[in-house]
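What follows is a set of notes on a single structure, which appears directly below.
The values are calculated or read from the model by the stated rules, or taken from the named source; none is laboratory data. Predicted model only: the values in this text are computed from it and were never measured. Heads up, the Cβs are rebuilt from the backbone with ideal geometry, glycines too, and the neighbour counts pull from every protein chain shown. Side chains are part of the model used for accessible areas, which takes the heavy atoms of the whole protein and leaves out ligands, DNA and RNA. Shrake-Rupley method; radii C 1.70, N 1.55, O 1.52, S 1.80 Å.
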Amino acid sequence: MNEPDAEPFDAAPSDPQPADRAVAIVVNYNAASHLGTCLDGLRAAGVGDIVVVDNGSSDDSREVVAAAGPGVSWLPLGANLGYGAAANRAARLMPGRDILVCNPDIEVGDGAVDALRASLRDDPGLGVVGPRLLNADGSVYPSARTFPDLVDAFGHGLLGLVVPNNPFTRRYRMLDRDYDRPADVDWVSGAFVLIRRRTWEEIGGFDPRYFMYLEDVDLCWRAGRAGWRVGYVPEAEVVHFQGVSAARHPYRMQVAHHRSMWRFATQTSVGAKRWALPVVAVGLVCRVAVASLHHRFGGFRRPSRRLRQSPRS
């Protein structure tokens, strides 16, 4: 992919920061309404340097960053390169320290960043860690999962939109796991994720071929293949308001989501599972059509049973 050259940073200068302070990359696209809250939360959490890397926003995001004060930088890309490619571009300008990557529609809970950083510090085998993600209504979003099994993924794809509580979807989204307990998992959501710098360098960051969706699954998969573990840290809590940017282009995002699903399936399927790929391809095409119609005539339904809630930090 040919990436346009980014402009220089445009922000207030930051004060010198200790080398062990956290750094954060906020990947932004037309999310000015939530961006200020995200930046305030990161600064309150002790994040020393924050880069807002912008995928061609046309709203007031730049003004929000300009008002945020020292330590918050603006990196405009001039076009929408996608989530992973944008994060990679910012990471090149922030060498040496572990990287927190997040969406702009995030509210950071008290102690969340410290809890994630402590988990990396205390366990040198962990390469990627993620927090407990809460929806805006306080329910727990299933953000820590196993890699999707082809059977469960196919069943979820066929039934998830119309029968959200079906057994395939429950296994695919791990709706029955105990989200109060820390655990090693296959992958954690990229909406808010801390990545050890050494891990990042070894695997080369995000794969920019994933424009949107599953770039987090792919990153964790490659980290695992490189010998790193992925951890879920429920002591860290953040609220994710979900879909603030994607809602502007719902049908384009549907196509991007399913294209990423196909890329991950072809990249990770081995042996006899590769024989099922043509069936998966047909299923994904059908699901794009069904998902688009479902959005057109009433939007997506959430699973009927809420996950166990916990108090917000």
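Side notes on the structure shown:
- Taking residues in the stretch 142-156 that are β-branched (Val, Ile, Thr), and partners anywhere that are at pLDDT below 70 and not in a loop (DSSP other than H, G, I, E, B), the pairs with Cβ atoms closer than 9 Å and at least 6 places apart or on different chains are VAL151/ALA276.
- Residue in the stretch 78-93 that is over 20 Å from PHE211 (Cβ atoms), modelled with pLDDT of 90 or more and within 14 Å of the chain's Cα centre (by Cα) present: no
- Residues (among the hydroxyl-bearing types (Ser, Thr, Tyr) and at pLDDT below 75) located in the stretch 152-173: TYR172
- Hey, ALA86 open to solvent by 30 Å² or more (accessible area, probe 1.4 Å) and touching a residue at least 12 places away in the same chain (Cβ under 8 Å) or not: no
- Residues (in a helix (DSSP H, G or I), within 29 Å of ALA115 (Cβ to Cβ) and open to solvent by 10 Å² or more (accessible area, probe 1.4 Å)) located in the stretch 23-81: ALA32, SER33, HIS34, GLY36, THR37, ASP40, GLY41, ARG43, ALA44, VAL64
- Search result, residues across the stretch 174-184 that are more than 20 Å from ARG229 (Cα to Cα) and either basic (Lys, Arg) or free of Cβ contacts under 8 Å to residues at least 24 places away in the same chain (or both): ASP176
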